[in-house]
């Protein structure tokens, strides 16, 4: 059994509440890659138990501060707690979709589980959950109140390189349907769990899509970086007169149009395969305007070193988007870069408004859906910023 001893600085950091222990804060000890190990302070007192990485700068992710080593019942309780929370949210639906387990935020570090109907997509991002994968899948099946038809492992995220792990996509149980369709509060949509972004879909924006649609009834909509188009399709269902969706992915666009057809709004929804940054500029120069503009780009900052470049990107995309909003209209602007904190994002939006020469009001700042919890002890889990901006 592995064990590490913290430095004084590391002890203070952990006692401050943060569950991550960085390699520079370890004074000694040894463990195998991915091992569950005991953590001690410089005086030999127990700090708790955590999952060890032999490669990442985050050397240990604490799972408990108890002195006793976690056994099977500990993990049973931890998985069951996450699933019961989604049930209490009203999200545990064998025909719907939700994030069942949100990794570190659910105190199950490096372990994501998304549910699409009776298909579960699991995703491991650290050495420990690679070792524990089959065990955790077993606990998942035991805890769910209904049987899963299919389980897919989509452990292909780029963060695995920091753990010295190869990527993989593997079907662990059953077969993936040719057309996997789920329902979500009056909306049906198709999910590509093998080749789509993330685990197949962006579940974190579900409540923000509903809110944006409610705030725009009858107007003209531009949905940039649209992926499968659910911001736009939601708006069409709520009465938007016209919806134009922009994305660089042909496969996402094809799925988007099928989603529009499935929900009876195909006549209102158009898709264009374009470079969104350039297309926003083109439409601004052409004098086009919309009642609702949505910009939900991919993460511009994947680490702290990229924040300066991210600032330029967020300022420019929002400057162009603000210029496209009709007076009195709404801009919904999102950032999924957890390295860009909310005050910084608001500052970027302010810079964009000055460059656009538009007065802009911040009406609401929203985060991810409740099934993507933000653990107070882990600010990094509060990653999604979704600003609702009025342009008077």
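The values are calculated or read from the model by the stated rules, or taken from the named source; none is laboratory data. Keep in mind the model is a prediction, meaning the values are calculated, not measured. We place every Cβ from the backbone using ideal geometry, glycine too, and count neighbours over all the protein chains shown.
Applying the condition of being in contact (Cβ under 8 Å) with a residue 40 or more places away in the chain and over 30 Å from residue 166 (Cα atoms) to the stretch 55-86 and asking which residue is nearest to the chain's Cα centre (by Cα) yields 86. Do we find a residue being within 17 Å of residue 263 (Cα to Cα) and in a strand (DSSP E or B) anywhere in the stretch 191-203? Among the residues of the stretch 191-203, at least one is within 17 Å of residue 263 (Cα to Cα) and in a strand (DSSP E or B), which makes the answer yes. Within the stretch 265-283, residues that are free of Cβ contacts under 8 Å to residues at least 12 places away in the same chain have Cβ atoms under 8 Å from residues that are crowded, with 16+ Cβ neighbours inside 10 Å and in a helix (DSSP H, G or I) in these pairs: 266/257; 266/260, counting only partners at least 6 apart in sequence or on another chain. When residues in the stretch 64-97 are screened for being farther than 18 Å from residue 136 by Cα and part of a strand (DSSP E or B), 1 of them pass.
The residue of the stretch 133-146 that is surrounded by the fewest Cβ atoms within 10 Å (Cβ to Cβ), among those that are in contact (Cβ under 8 Å) with a residue 60 or more places away in the chain and under 19 Å from residue 169 (Cβ atoms), is 136. Go through the residues of the stretch 312-319 one by one and say whether even a single one is in the same structural domain as residue 281 (by TED's automatic domain parsing) and surrounded by fewer than 16 Cβ atoms within 10 Å (Cβ to Cβ). Yes: one or more hits. Scanning the stretch 61-95 for residues that are buried (at least 19 other Cβ atoms within 10 Å of the Cβ) and closer than 15 Å to residue 105 by Cα returns 61, 62, 63, 78, 79, 82, 83, 86.
Of the numbered criteria (1) out of contact with any strand residue (DSSP E or B) (no Cβ under 9 Å at 6 or more places or on another chain); (2) assigned to a strand (DSSP E or B), the one residue 61 fails is (1). Do we have residue 169 as loosely packed, with under 15 Cβ neighbours inside 10 Å, closer than 18 Å to residue 249 by Cβ and either touching a helix residue (DSSP H, G or I) at 6+ places or on another chain (Cβ under 8 Å) or without any contact (Cβ under 8 Å) to a residue 40 or more places away in the chain (or both) here? Yes.
Against the condition over 25 Å from residue 232 (Cβ atoms), within 18 Å of the chain's Cα centre (by Cα) and not assigned by TED's automatic domain parsing to the domain that holds residue 85, how does residue 373 come out, does it pass? In short, yes. Taken together, the criteria place residue 19 among residues that are in contact (Cβ under 8 Å) with a residue 12 or more places away in the chain and under 26 Å from the mean Cα position of the chain (by Cα). Among residues that are surrounded by 15 or more Cβ atoms within 10 Å (Cβ to Cβ) and under 30 Å from residue 375 (Cα atoms), residue 309 is not included. For the stretch 147-163, does any single residue satisfy the condition of being in a loop (DSSP other than H, G, I, E, B), in contact with a helix residue (DSSP H, G or I) (Cβ under 8 Å, 6 or more places away or on another chain), crowded, with 19+ Cβ neighbours inside 10 Å and touching a residue at least 60 places away in the same chain (Cβ under 8 Å)? The answer is no; no qualifying residue exists. Close Cβ contacts (under 6 Å, 6 or more residues apart or on different chains) running from residues in the stretch 113-132 that are not assigned by TED's automatic domain parsing to the domain that holds residue 145 and modelled with pLDDT of 95 or more to residues that are outside any strand (DSSP E or B) and buried (at least 24 other Cβ atoms within 10 Å of the Cβ) are absent. Restricting 133, 168, 177 to residues that are part of a helix (DSSP H, G or I) and either within 30 Å of residue 259 (Cβ to Cβ) or within 21 Å of the chain's Cα centre (by Cα) (or both) narrows the list to 133.
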